[in-house]
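The values are calculated or read from the model by the stated rules, or taken from the named source; none is laboratory data. All values derive from a computational prediction rather than experimental measurement. Quick reminder, even Gly has a Cβ in these numbers, built from the backbone with ideal geometry, and neighbours come from all protein chains shown.
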Amino acid sequence: MNNKLYVGRPNIGDKECFLERVNGILDRRWLSNDGPVVQEFEKKVADLLRRSLFLRLATLKILWRLECPYVKSNGIW
């Protein structure tokens, strides 16, 4: 019973790629405040949210076209 049980180990993917990105951040000495990595992250999040919103709107339009009773009864439109 002296062995430790690790419940969740971090998944960092490709170790070389991860270290390359971290080294790039440290070499540029730009850790925050609109640096290139922050801009990349924000762009990816914005793209993901845009796609999510598009899918939700498309689903609502399909339901509206079908005149789904569930949608009408729950006051979605």
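Just a few scattered comments:
- Residue 25 part of a loop (DSSP other than H, G, I, E, B), surrounded by 10 or more Cβ atoms within 10 Å (Cβ to Cβ) and of a type outside the set (Phe, Trp, Tyr): no
- Set side by side, the residues 26, 5, 60, 66 differ, and just one is out of contact with any Pro (no Cβ under 7 Å at 6 or more places or on another chain), of a type outside the set (D, E, K, R) and at pLDDT 80 or above, which is 26.
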